[in-house]
Each structure stands twice: as C-alpha cells, then as structure tokens.
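Step one of this worksheet: look at the structure below.
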Amino acid sequence: MVSRVIPVDDFDLVIFGGTGDLARRKILPGLFRRFLSGQMPETSRVIGAARSEIDSDGYRQMIREAIAEFGGAEAQDADGIEQFVQQLHYIPVDAMGDDGWKELHSLVRFDAINAFYFSVAPSLFGALAERLHTYKIADGDSRIVVEKPFGRDLASAEALNATLAEHFDESQVYRIDHYLGKETVQNLMAVRFGNVLFEPLWNNHYVDHIQITVAETVGVGGRGAYYDKSGAMRDMVQNHLMQLLCLIAMEAPHQFDADAVRDEKLKVIRALQPVDPHHIVRGQYDADGDHPSYRDDAEDPRSHTESFVAMRCEIANWRWAGVPFYMRTGKKLRARTSEIVVVFKDLGHSIFPGDEKRHRNILSIQLQPNEGIQLQVTIKEPGPGGMRLIDVPLDMTFADALGPDADDSPDAYERLIMDVIRGNQTLFMRGDEVEAAWAWTDPIIEGWQARNDVPKHYEQGSSGPEDAMMLLHREGRKWREIRE
Ligand SMILES: NC(=O)c1ccc[n+]([C@@H]2O[C@H](COP(=O)([O-])OP(=O)(O)OC[C@H]3O[C@@H](n4cnc5c(N)ncnc54)[C@H](OP(=O)(O)O)[C@@H]3O)[C@@H](O)[C@H]2O)c1
C-alpha cells in the first residue's frame, strides 16, 4: 500500500512562542517530518517569534538540537535537517510591546498562505491579535492557531473568544485539541459512517454502555503548581474526553466538512445531562516509596485538586437515552492507554445448550499507545467436543493491517498543522463547542468547591480509587482493565 502525500500550497507560518517547550518538542519536529515526507513546499517558511534576542542562525541551531532530542528516528537524517533549517527564520518580537512588529510585517509574504500559531500563554492572545491587526500583518485570509487551555471556565472562554473575534472571523480560528488529530479518531468516523455494519446497532437498543479511558503513568511532577490550578476535569475531561464522547455519540453529519461535523458535536454536548454528584469519583495519587504523592508534587499539602476523575454521564436524546457513558482519566495509573469501548447488549437468548457464559460483542478503539480497532466476536472453539463458544478479537491494529505505511502516518500535531495550511477546520474546536463544554463542566467543578469535596486516595500504578470501580460494579458492569 502506498501512502499518498499531497504537498500543501506555499506558506509562511509564524510561531509566536517559537522558542518555547511546545514549539521545540512538538511543532518543529512535526514540521520537520512533514518536510521529509515532501508535504512542505521548499519555498515555505517557518518564522519563530519570541522575546529572546537571537538571530535566525541561532534559531536554526536551537531547532537542530530540538529535532535531535525530540525528532525520533528521523533525527538521524542530518542532510534532511540541514535542508529543513534553511526554511527557518527568527524575529525577536514582544507580544506586549512594539519591538519587532515592523520587521515581522516586512518578512511575512502576503502572496502566500500565512498562519500565526499562538504557542504562548493564553493571557497573550489578546495582545498578539491586536498587534497582528494594528501592524497589518494578518488579513482576512490569515489563519490563527491557538492552543489549549482555552479558558478555565465558561466566562474566561467567552472572554478569549470575544478577544479573537474582535480581529478575526471564526472561520480563521483553529483551536487545537491534538486528540482530534490522531489517526484513530478519524478512523472512528470512517468506521462509523463508512460501513453499513455499525449504524443500525449504534443506539440504545443494542449498546449497553460506552467507556472512555485516558490513563497516564506519569504524575504531575515538574508542572505540579500549574496543574494544581487545573486538575483532571479541566485539563483532560473538558477537552479531550468530551471530544471523544462527541465523536462516538454524534449523529452522521450531512457531509464530512467542518461546520457539519462541528454542528453535530455541539448537539451532543448540549444533550449531556448534568451529572449527579454520586456519579463522579475524584482521586489523588498517594506517595509510593521514593515517589512523591500528588500533594507533594503540587507543593500544597492541603490541595483538593484531582489527579483522577471517573464519571457516569447520560445523553438525553432518542439515540442514547438510558445508555451510560463512563469516562475516566488520571495520572500515575497502571499503564498509558487511551481507549474507547462500545459494549453491546447480551443476546436475549442462547440456542447453545450448556453455554452459560455471557458473550458480548465489544468494539474497542485504541488511540494510544498502539492505534487500532478491535471487535470481539463469539465463535466456536475449534476442534471436536461439541459446540463450545469462545470470544476472539477481530483485530484491525493498523501496524498489522497496513504494514510499514502505518508508521508513516503523521502524528497529531503534524496533521493538524497541515490542515491549518489547507484551511480545513474539521478537526478543530469551534468557539461555541468550547463554550458549551465549559457550560457543562462548570457546575460540576463549582459543586465540588461548594461541598469542599475531598478527593479519594489511590495507589500509584493502580486503576484509580476503589470508588471508581464501584461506579460500574453497582450497576453490574466493570471497567476494562487498564493495560497497554
Ligand atoms: N508544552 C506543551 O506540551 C503544551 C501542551 C499543550 C498546550 N500547551 C500550551 O501552549 C502554550 C505554550 O506552552 P509552552 O510549554 O511552549 O510554554 P513555554 O515553554 O513557557 O514557552 C512560552 C513561549 O512564549 C514566549 N513568550 C513569553 N512571553 C512573550 C512575550 N511577551 N512576547 C513574545 N513571546 C513571549 C517565550 O519566549 P521568550 O521568553 O523568549 O519570549 C516562549 O517561546 C501555553 O499556552 C501552553 O499551555 C503546551
């Protein structure tokens, strides 16, 4: 199978915060891989912009080192790196002042696509938008890319949206949720809407429940003070998990385009019911030998911020009424894995005598570490001895199914940046989606604060607090094991 790389049109991409962690760890190494694949035209330019007083040569050296550290296998390609860095430029710019803006204006080409990546703290978004406008660097065709966190509640998200809307149309704004750039997420839409097989079963008549798990093995060490102001609900649920929930639950858009897809996702968020406090479990990881506890990492011995959350949600519409959606995410868990699991209902009656085991079809969609889709089906155990049934997976692990081409598929950031250049907003969050997600999340967080809710403790390397298990056990269900 040959993967097709379609080069994008000529572009100038300005990365505000081009010297920062995200730019060096993800954005530039990702662009380098697109360059190697032939997707980035040779005349295109990436312009780093930040306050640091370095020149373009200094920036090229910084990015050589970043690619060596974060570029993966491709970092061995010394010639490729040299060619790529020739397309890099740097301008010292202060978002809050006037330094560098005139120089930036004279550097950016207006006869090519121009995109501005705000890889800086959200508090600088307004200043950047205003100066891009004042210095006439961005116009009605420019693209603006913003990173999470997009607000910390509804009010701050509305304020950010309003700031951007002062100078840019919604059709120019690309809000990144890198989960949406994952190959499997798009495959989820292909599986749902490209096959006749699943659609008739995709509802409360046949689906027993759905689980969404995003588990991490790392703690919050290093960025504990930042994380402590956020917690799992703001950091993961409000964006990544809710986006996955939308994709699994939404109706078929009338076509695969940005607004049609985003309209359907928005309807799901609006149909989400308020969550009963008894249906949410929060947790904080304990210390384990030399490994510090969450509170040690957060440097606050009395912190009530959650490093784990599990919840049971319901979507009030005809398709999903009565079907529980269980979501959980946490740090310092047993394994690093992201998975969506659709558990279908039991057969009403078994015709096979002696077969008392419960057989269920389960569709599991893995986002990481290995992207792929599995369908558990029931078959006859091979060999003599009567009709014994066993459950086996139909495995669509991409690495097996697609061979070496699976490794060539771009990672989430690469894909999303190329979508920005192409002007395709389908995999980006629209402003009203983000606001609706906060409108659902805010009362949950406010409830915890009002009740002074204290998170349960859980062991490092476990599946989270015992109460999270009970969330399903008391309804006769169980979580999928957290494993890679
Ligand atoms: N790192 C990640 O993995 C990650 C993941 C998801 C989202 N994000 C978000 O992405 C954004 C950037 O994160 P980061 O980790 O890269 O942060 P960072 O390492 O602190 O980098 C911040 C960047 O902003 C520049 N900067 C700061 N003040 C400036 C000003 N007044 N004018 C111009 N440039 C200025 C800094 O360079 P100078 O000091 O030289 O000006 C630096 O390049 C944040 O909003 C973060 O929440 C990051």
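The values are calculated or read from the model by the stated rules, or taken from the named source; none is laboratory data. Because the structure is predicted, anything quoted here is derived from the model rather than measured. Because the Cβ atoms are built from the backbone with ideal geometry, glycine has one as well, and the counts that use them run over all protein chains shown.
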Fill in: Failed condition for Q243, given (1) away from the ligand (no atom under 15 Å from the Cβ); (2) among the polar types (S, T, N, Q); (3) in a helix (DSSP H, G or I)
(1)
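Every residue, every condition in (1) among the small types (G, A, S); (2) more than 30 Å from G126 (Cα to Cα), yes or no:
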| position | (1), (2) |
| --- | --- |
| V8 | no, no |
| L13 | no, no |
| E42 | no, yes |
| I63 | no, no |
| Q86 | no, yes |
| V93 | no, no |
| G100 | yes, no |
Worksheet item: Within the range 27-46, restricting attention to residues that are within 13 Å of the ligand (Cβ to nearest atom) and aliphatic (A, V, I, L, M), which residue is nearest to the chain's Cα centre (by Cα)?
Response: I27
Item to complete: Determine whether the range 74-84 contains at least one residue that is outside any loop (DSSP other than H, G, I, E, B), more than 22 Å from M40 (Cα to Cα) and away from the ligand (no atom under 16 Å from the Cβ).
Response: no
Worksheet item: Out of all the residues in the range 350-370, which are among the hydrophobic types (A, V, I, L, M, F, W, C) and in a loop (DSSP other than H, G, I, E, B)?
Response: I351, F352
Discussion item. Of the conditions (1) within 16 Å of the ligand (Cβ to nearest atom); (2) aromatic (F, W, Y); (3) at pLDDT below 95, F110 satisfies every one except a single condition; which number is it?
Written reply: (1)
Discussion item. Quick check on this structure: which one of A258, A271 is in contact with a strand residue (DSSP E or B) (Cβ under 9 Å, 6 or more places away or on another chain), hydrophobic (A, V, I, L, M, F, W, C) and touching a residue at least 12 places away in the same chain (Cβ under 8 Å)?
Written reply: A271
Response to the item:
Among (1) surrounded by 22 or more Cβ atoms within 10 Å (Cβ to Cβ); (2) in contact with an Asp or Glu (Cβ under 8 Å, 6 or more places away or on another chain); (3) of a type in the set (A, V, I, L, M, F, W, C), F110 falls short only on (1)
Response to the item:
A159: passes all of (1) in a loop (DSSP other than H, G, I, E, B); (2) surrounded by fewer than 17 Cβ atoms within 10 Å (Cβ to Cβ) but (1)
Worksheet item: For the range 252-346, list the strands (runs of 3 or more DSSP E) that sit wholly inside it and hold at least 3 residues that are out of contact with any Phe, Trp or Tyr (no Cβ under 9 Å at 6 or more places or on another chain) and of a type in the set (V, I, T); which are they?
Response: 337-344
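Is it true that some residue in the range 429-438 is modelled with pLDDT under 95 and either aromatic (F, W, Y) or more than 30 Å from F35 (Cα to Cα) (or both)?
no
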Discussion item. Take the residues in the range 113-134 that are at pLDDT below 95 and more than 15 Å from H167 (Cβ to Cβ); name whichever of them is farthest from the ligand (Cβ to nearest atom).
Written reply: S123
Worksheet item: Mind checking which pairs have a first residue in the range 307-324 that is modelled with pLDDT of 95 or more and a second that is in a loop (DSSP other than H, G, I, E, B) and β-branched (V, I, T), Cβ under 8 Å, 6 or more apart or different chains?
Response: S307/V220; M311/V275; R312/V275; C313/V275; E314/V323; I315/V323
Item to complete: Could you check K148 against (1) more than 10 Å from the ligand (Cβ to nearest atom); (2) touching a residue at least 12 places away in the same chain (Cβ under 8 Å) and say which number it fails?
Response: (1)
Worksheet item: Just wondering, is there one or more residues in the range 46-68 that are crowded, with 17+ Cβ neighbours inside 10 Å, over 30 Å from Y135 (Cβ atoms) and at pLDDT below 95?
Response: no
Practice prompt. Please name all residue pairs, on different chains or six or more residues apart, with Cβ atoms under 6 Å, provided the first residue is in the range 151-178 and is within 18 Å of A121 (Cβ to Cβ) and among the polar types (S, T, N, Q) and the second residue is modelled with pLDDT of 95 or more and away from the ligand (no atom under 16 Å from the Cβ).
Written response: N161/G431
Discussion item. So, in the range 27-48, how many residues would count as being small (G, A, S), over 15 Å from A115 (Cβ atoms) and touching a residue at least 60 places away in the same chain (Cβ under 8 Å)?
Written reply: 1
Worksheet item: If the Cβ limit is 6 Å and pairs must be 6+ apart or interchain, which residue in the range 114-136 that is assigned to a loop (DSSP other than H, G, I, E, B) pairs with which residue that is hydrophobic (A, V, I, L, M, F, W, C)?
Response: S119/I15; S119/L22; S119/A23; V120/F16; Y135/W101
Worksheet item: When P253 is evaluated against the numbered criteria (1) touching a Lys or Arg at 6+ places or on another chain (Cβ under 7 Å); (2) of a type outside the set (A, V, I, L, M, F, W, C); (3) farther than 17 Å from I212 by Cβ, which criterion, by number, is the only one it fails?
Response: (1)
Worksheet item: Can you tell me which of R51, R64, R24, R60 is within 11 Å of the ligand (Cβ to nearest atom), over 22 Å from the mean Cα position of the chain (by Cα) and farther than 13 Å from Y117 by Cα?
Response: R51
Worksheet, complete the sentence: The residue that is modelled with the lowest pLDDT, considering only those in the range 455-484 that are surrounded by fewer than 12 Cβ atoms within 10 Å (Cβ to Cβ) and closer than 28 Å to H291 by Cα, is R483
Worksheet item: Within the range 205-220, can one find any residue that is within 14 Å of the ligand (Cβ to nearest atom) and of a type outside the set (A, V, I, L, M, F, W, C)?
Response: yes
